[in-house]
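Working notes, structure below.
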Amino acid sequence: MNQENESKMTLSQEDFGLVQNMLSQRVGISLSVGKEYLVVNRLSPLVDTFNFDSLHGLIQSLHAGNNVRLWDEVVDVLAVHETFFFRDQAPFQQIEQEILPAICIEAEKAGRDIRVWSAGASTGQEAYSIAMLLSEIAPHLTKRVQIVGSDVSGKVLQAAAEGIYRKFEVSRGVSQERLDRFFEPHDGAWRVKQTLREMVQWQKFSLAGTWPTLPEFDLILLRNVMVYFKPETREVLLNRIVPAMRPTGRLVVGSAESLMSCQHQFRAVSSMNATHYLRVND
């Protein structure tokens, strides 16, 4: 990079602070000091894409809030989208053997739908993993399954809706039996079959922002999301989730995440080397 380009891509502490505040307030992501290099590396390509003279100009435009497409692109490159099918063995073993069977029994007795929310769904592997499990556990109930996958990035949700995954992506967690049953070849890759895709609806919104009207869910998956939030944002989010749960609702967070530092309305249930949370009802 020549001297002119280096100057063009210089990130001042003031501009870094603006990016930190915008990410925190709009999408809940906490960007710590020391991540200036990440902002430079990931936003620099957008300077030319959107015809800005400098990184400073791009950030000032973001701050002005008059370019929705630019904001979407910035969120997409700065948010973490790491995910894969049946991610983390112990939690999914608990989900498969304890949580979902109990939910299916409750739903069948009450004659109601089964509702699951995959929050921070990224490219959809988690939501489709749940759809596969429900298809195996209670195939007679699949027409009554409603899975919502939400994310702040429209780009990853578009990929999720298409349901097309490379060989490498399906090899991370999908057995050959499930690959044969739930996927079909697609231009050198694999596509989730339509019956499974129809079980999931995708919605774009920020967990830290305004939510659409949501039904009450039997299971909410908030896995590997809160680790990027400030403690106060986590607490607010946990309290907002309660009205979106049935009285018997379950919450699953990431294996490295804990609710211990937050005031909340859940009680922990541990088994099979994993923990999930039940809603505490008044």
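The values are calculated or read from the model by the stated rules, or taken from the named source; none is laboratory data. All of these numbers come straight from a predicted model, not from anything done at the bench. Note that each Cβ is placed from the backbone with ideal geometry, even for glycine, and that neighbours are counted across all protein chains shown.
Details
- Inside segment 102-159, residues that are within 23 Å of the chain's Cα centre (by Cα), surrounded by 19 or more Cβ atoms within 10 Å (Cβ to Cβ) and among the aliphatic types (A, V, I, L, M) make up a count of 17.
- Residues located in segment 177-228, provided they are modelled with pLDDT under 95, touching a strand residue (DSSP E or B) at 6+ places or on another chain (Cβ under 8 Å) and in a helix (DSSP H, G or I): Met226
- Top-ranked residue of segment 79-101 - restricted to ones that are surrounded by 14 or more Cβ atoms within 10 Å (Cβ to Cβ) and β-branched (Val, Ile, Thr), ranked as modelled with the lowest pLDDT: Thr83
- Residue pairs meeting the criteria (Cβ under 9 Å; at least 6 apart or on separate chains; first on the phi > 0 side of the Ramachandran plot, in segment 169-183; second assigned to a helix (DSSP H, G or I) and among the aromatic types (Phe, Trp, Tyr)): Gly173/Phe92
- Filter pass, Ile164 being in contact with a Cys (Cβ under 9 Å, 6 or more places away or on another chain) and surrounded by 14 or more Cβ atoms within 10 Å (Cβ to Cβ): no
- Qualifying helices (runs of 4 or more DSSP H) (wholly inside segment 1-90; at least 3 residues being out of contact with any strand residue (DSSP E or B) (no Cβ under 7 Å at 6 or more places or on another chain) and among the acidic types (Asp, Glu)): 68-78
- Val40 under 25 Å from Ile164 (Cα atoms) and either crowded, with 21+ Cβ neighbours inside 10 Å or not charged (D, E, K, R) (or both): no
- Here Gly57 passes the criteria (1) surrounded by fewer than 17 Cβ atoms within 10 Å (Cβ to Cβ); (2) under 26 Å from the mean Cα position of the chain (by Cα) except the one numbered (2).
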